[in-house]
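Okay, structure first, notes after.
Here, each number is a calculation from the coordinates, and none is a lab measurement. Note that the coordinates shown come from a computational prediction; the quantities given were computed from them, not determined experimentally. Positions of Cβ are generated from backbone atoms using ideal geometry, with glycine treated the same way; all protein chains shown enter the neighbour counts.
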Amino acid sequence: MNIYTYYEDIHITEIIPQSKLIDLWKYSWEKNGFNPIVLSISDVITHPLYDKFIEDIQNIHANISGHTISKYGLSCYRRWLAYANLNNNDIFYVSYYDVINNGFKPTNLQKTK
């Protein structure tokens, strides 16, 4: 079963290199029977609604907060377009890449119609 995460380098100062954390994430999920896949900005920008989505998110954030959305904030919203762009009819999981699997195994889930 596939599990996806999203990573976008937004150039934030890091205590732990994100690549090491992503490697640990992949290892922990693979060890427990999953197929871990890291999505990136290239999986987002091909979505047909990308430009409109980004414009709307920026406008909504500015209207509510009175401030421009941060790079981090925008990346949190972009991840959902990456997942939506999968066009996958199979069941899959998504997770932040700092969620380390400590024994959670895939189950046989039946897809409901």
How many lysine pairs are close in the chain, with Cα atoms under 26 Å apart and the two 8 or more places apart or on different chains?
10
Choice from Asp98, Asp23, Asp90 with maximal GNM fluctuation in the chain (Cα, 10 Å cutoff):
Asp90
Per the helix-only model, the chain has a calculated mean residue ellipticity at 222 nm (DSSP H runs of ≥4, -39500 (n - 2.57) each, divided over all residues, rounded to the nearest 500) of -12500 deg cm²/dmol
Using only alpha carbons, build the gyration tensor for region 13-60 and give me the equivalent ellipsoid semi-axes, biggest first, whole Å.
30, 16, 8
Counting residues in the chain as N, plug N into 2.2 N^0.38 Å and put the Cα Rg over that result.
1.20
Output the relative contact order of the chain, whole-number percent, from Cα pairs under 8 angstrom with separation of 6+ residues.
45 percent
As an exercise, identify the GluC sites (Glu not before Pro) in region 11-65 lying in DSSP coil whose Cβ has no more than 14 other Cβ atoms within 10 Å.
Glu14
